[in-house]
Amino acid sequence: MPSVFPVRVLGGPTALFEYGGLRFLTDPTFDDPRDYHVSGRKILTKTASAATRADELGRIDVVLLSHDEHPDNLDTAGRALLADVPLTLTTPSGALRLGGRTTGLADWESVELDRPAGGTITVTGVPAIHGPGQREVVEAVTGQVVGFVLTADALPTVYVSGDNASLAAVEEIAARFGPIGTALLFAGAPRIPVLFGGEPIVLDSAQAVEAATILGATRVVPLHYDGWEHFTEGREQLVAEFTAAGLADRLDLGDASAD
């Protein structure tokens, strides 16, 4: 099995990859550009469509959903897609809300998935904090989030960060699972002016470099940096920060057509 597998980066937090014979999709967002409102007030604006429509993806075995409460991680079309997926892994509270074929993972809780050619893949829920500060304070504002670590015999370890802003959480994950073969890091420095004094609620580009270093990641595939108005740092900033740190060779911007 190759140590580096292709990742289709589809826009926003959404990516498709095959690992151990199973096809995984992260945080499905497939709506066309639009505004999202709560109680008549605009909260988010999507500015670009996904690189591929949901009905063009082919088979999806598992959705890795960091959380269900925000449309920039699960939009209307993404929510509809879940009905056709055999298994969605998400937060414990999200599993209660979504029901169906959804399983919640608490921190360090794992599930075993059968590989088509034999053997298993272990998916472990790992900490993620969707904003700056103490977890209990942040979760009261932005909700519960989960990241994922995938491991299997003879395959590189994969980390999917979800909407995490905490390098301390990354250190915990590295202590248990590092070094990481491929890290799918949610970045983009999203800012909501009325939350946390406008500080980023997910990693900025410099923090993504720090996270990659802490994880000892051989490859970093950044997600969650384009397609939404509140993302304040994009591809240019990510490339610049990784280049300045001497880690440009680890950065993989993905391929929307890879399979």
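The values are calculated or read from the model by the stated rules, or taken from the named source; none is laboratory data. Small disclaimer: the values here were computed from a predicted structure and weren't measured. Glycine gets a Cβ as well: all are built from the backbone with ideal geometry, and neighbour counts include every protein chain shown.
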| query | Does residue 88 satisfy the condition of being crowded, with 17+ Cβ neighbours inside 10 Å, at pLDDT below 95 and among the polar types (S, T, N, Q)? | reply | no
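Name the residues in the stretch 1-38 that are of a type in the set (Gly, Ala, Ser) and touching a strand residue (DSSP E or B) at 6+ places or on another chain (Cβ under 8 Å), would you? Steps first, answer last, please.
First, the residues of the stretch 1-38 that are of a type in the set (Gly, Ala, Ser): 3, 11-12, 15, 20-21.
Of everything in the stretch 1-38, those that are of a type in the set (Gly, Ala, Ser) and touching a strand residue (DSSP E or B) at 6+ places or on another chain (Cβ under 8 Å) turn out to be 12, 15, 20.
Taking the condition of being surrounded by 18 or more Cβ atoms within 10 Å (Cβ to Cβ) and at negative phi, how many residues in the stretch 196-205 meet it?
6
Being out of contact with any Gly (no Cβ under 6 Å at 6 or more places or on another chain), not small (Gly, Ala, Ser) and not in a helix (DSSP H, G or I) is the requirement here; does residue 232 meet it? First the steps, then the outcome.
On the way: out of contact with any Gly (no Cβ under 6 Å at 6 or more places or on another chain): yes; not small (Gly, Ala, Ser): yes; not in a helix (DSSP H, G or I): yes.
In short, yes.
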| task | Of the conditions (1) buried (at least 16 other Cβ atoms within 10 Å of the Cβ); (2) more than 17 Å from residue 217 (Cα to Cα); (3) touching a strand residue (DSSP E or B) at 6+ places or on another chain (Cβ under 7 Å); (4) not polar (S, T, N, Q), residue 159 clears all except one; give me its number. | result | (2)
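Looking at 77, 95, can you tell me which residue is in a helix (DSSP H, G or I) and either modelled with pLDDT under 95 or touching a helix residue (DSSP H, G or I) at 6+ places or on another chain (Cβ under 8 Å) (or both)? Before the answer, list the steps.
Numbers: 95 fails: either modelled with pLDDT under 95 or touching a helix residue (DSSP H, G or I) at 6+ places or on another chain (Cβ under 8 Å) (or both).
Going through 77, 95 in turn, the sole match is 77.
Hey, can you tell me all the residues within the stretch 26-57 that are touching a Ser or Thr at 6+ places or on another chain (Cβ under 7 Å) and not small (Gly, Ala, Ser)?
Keep residues of the stretch 26-57 that are touching a Ser or Thr at 6+ places or on another chain (Cβ under 7 Å), which gives 26-29, 31-33, 35, 50.
Passing the criteria: 26, 27, 28, 29, 31, 32, 33, 35.
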| field | Hits in the stretch 98-111 (condition: crowded, with 20+ Cβ neighbours inside 10 Å and in a loop (DSSP other than H, G, I, E, B)) | value | 105
| Got a sec? Which of 186, 177 is surrounded by fewer than 24 Cβ atoms within 10 Å (Cβ to Cβ) and in contact with a strand residue (DSSP E or B) (Cβ under 7 Å, 6 or more places away or on another chain)? | 177
| message | Which of the numbered conditions does residue 150 fail, given that it passes all the others? Conditions: (1) of a type in the set (A, V, I, L, M, F, W, C); (2) crowded, with 24+ Cβ neighbours inside 10 Å; (3) in contact with a Gly (Cβ under 7 Å, 6 or more places away or on another chain). | response | (3)
| Candidate set from the stretch 11-25 (those that are in contact (Cβ under 8 Å) with a residue 60 or more places away in the chain and under 14 Å from residue 53 (Cα atoms)); member that is surrounded by the fewest Cβ atoms within 10 Å (Cβ to Cβ) | 11
